[in-house]
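The values are calculated or read from the model by the stated rules, or taken from the named source; none is laboratory data. Please read all numbers here as calculations on a predicted model, not as lab measurements. Don't worry about glycine lacking a Cβ; one is built from the backbone with ideal geometry, like all the others, and counts go over all protein chains shown.
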Amino acid sequence: MRNDVHVIAEGLRTTIDQVERLYTNLPQKLLYMRRQHLTNNPHEYTTDEVTWLDYFHNAYVYKYRLALIHIESIWALQPSNHNEGLSLEAILSNMYDQVSINDQEITLICSLTEDFLVHASTFLDFYLIYLYRFFHIKQEMKFERVLKDLDQTPQHLTAKKASISAYLQTVSSFTKGQTTEARWGTMIHYFRNSIAHRDRVLPQPHLSPPKTLTEQLMPRVPTTTLAAFCQDIANGMFTLLIETSPLLYDIPYRAGPLSSAYPSSPTF
């Protein structure tokens with residue numbers, strides 16, 4: 001085994017330890033709130049339905065954690081003066097137009113950025129699938145059809161559905177082909193698709209003068225540093241969870257460690 005492998009492994013474990021210290025409380029509290037809701041509503045879901053709720057809860061928490069690992073790595077590669085960090089446009093330019101591996105630092109940051117955007121988008125997808133299961137929606141989740149599908153919620157859950165739908169519209173318009181959509185949910189969904197399916201965002205030859213892929217993308221993203229852009233998305237993910245969970249579970253979200261936020265909670 002190469003000697004430098006140990007150095008890489010140590011750095012990766014340090015990153016995971018940092019994420020664990022910073023972000024453990026939220027998953028624990030979400031799990032407590034969800035279990036308490038199931039206890040309070042024992043006849044709402046069948047055993048099979050609870051199994052799927054368990055799975056997709058774990059799936060979106062898993063993707064949330066993976067996204068946070070990558071954003072901590074992105075911050076670690078920023079200059080000590082964050083205002084002088086790499087611009088989002090510079091990273092997008094390498095990801096979409098230059099596709100160059102000549103600069104090691106840029107290559108590493110692009111790798112972390114692409115992974116972060118994919119995990120963030122998948123987190124949102126899994127959370128939406130969880131909502132489908134929670135509201136007894138039988139259809140396969142389609143991003144552009146989310147708000148319409150939620151209208152099929154059973155009557156006794158329509159008040160909750162209305163509150164959730166209203167909040168989701170602050171995350172995305174959930175429509176297809178919104179080229180200037182600025183809400184974080186729409187942006188990460190677009191980025192995920194364009195990273196995995198580059199043919200969907202090839203340069204448009206009819207534009208005069210012709211625009212690069214980055215120039216086509218910039219109307220939909222702010223002029224900022226890469227780290228600040230990714231942090232805004234991570235903040236949106238966090239806010240989505242702490243704002244919608246009380247609406248779903250009829251339990252207030254409380255700040256702080258699990259044991260002090262919910263003294264009656266078990267130890268996970």
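A count restricted to the range 163-178 and to residues that are farther than 20 Å from F56 by Cα and either part of a loop (DSSP other than H, G, I, E, B) or free of Cβ contacts under 8 Å to residues at least 40 places away in the same chain (or both) stands at 10. Filtered by the rule that a residue be under 19 Å from the mean Cα position of the chain (by Cα) and in contact (Cβ under 8 Å) with a residue 24 or more places away in the chain, the range 93-115 gives I109, L112, T113, E114, D115. All told, T267 falls short of being touching a Gly at 6+ places or on another chain (Cβ under 6 Å) and either surrounded by fewer than 19 Cβ atoms within 10 Å (Cβ to Cβ) or modelled with pLDDT of 85 or more (or both).
Residues of the range 126-162 that are of a type in the set (K, R) and part of a helix (DSSP H, G or I): R133, R145, K148, K160, K161. Just checking, does the range 190-201 include any residue being at pLDDT 90 or above, surrounded by 19 or more Cβ atoms within 10 Å (Cβ to Cβ), within 21 Å of the chain's Cα centre (by Cα) and at negative phi? No; the residues of the range 190-201 include none that is at pLDDT 90 or above, surrounded by 19 or more Cβ atoms within 10 Å (Cβ to Cβ), within 21 Å of the chain's Cα centre (by Cα) and at negative phi. So which residues in the range 222-268 are among the hydrophobic types (A, V, I, L, M, F, W, C), in contact with a helix residue (DSSP H, G or I) (Cβ under 6 Å, 6 or more places away or on another chain) and assigned to a loop (DSSP other than H, G, I, E, B), if there are any at all? I251, F268, listed by residue number.
So that you can scan it fast, the table gives a plain yes or no per residue for (1) surrounded by 17 or more Cβ atoms within 10 Å (Cβ to Cβ); (2) among the aliphatic types (A, V, I, L, M); (3) within 28 Å of D250 (Cβ to Cβ):
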residue: I109; (1), (2), (3): yes, yes, no
residue: L112; (1), (2), (3): yes, yes, no
residue: R133; (1), (2), (3): yes, no, yes
residue: E144; (1), (2), (3): no, no, no
residue: D149; (1), (2), (3): yes, no, yes
residue: Q169; (1), (2), (3): no, no, yes
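Applying the condition of being among the charged types (D, E, K, R) and in a helix (DSSP H, G or I) to the range 1-18 and asking which residue is modelled with the lowest pLDDT yields D4. Among the residues of the range 19-39, those identified as modelled with pLDDT under 80 and farther than 16 Å from Y62 by Cβ are R21, L22. Residues that are in a loop (DSSP other than H, G, I, E, B) and either polar (S, T, N, Q) or modelled with pLDDT of 95 or more (or both) were ranked within the range 46-85; the one that is farthest from the chain's Cα centre (by Cα) is T46. The set of residues from the range 19-43 being under 20 Å from R65 (Cα atoms) and either of a type in the set (V, I, T) or in a loop (DSSP other than H, G, I, E, B) (or both) comprises V19, T24.
Can you find a residue that is within 23 Å of the chain's Cα centre (by Cα), under 30 Å from L213 (Cα atoms) and without any contact (Cβ under 8 Å) to a residue 24 or more places away in the chain anywhere in the range 21-30? No; the residues of the range 21-30 include none that is within 23 Å of the chain's Cα centre (by Cα), under 30 Å from L213 (Cα atoms) and without any contact (Cβ under 8 Å) to a residue 24 or more places away in the chain.
Restricting the range 90-125 to residues that are acidic (D, E) and part of a helix (DSSP H, G or I) leaves a set whose member that is farthest from V61 (Cα to Cα) is D97.
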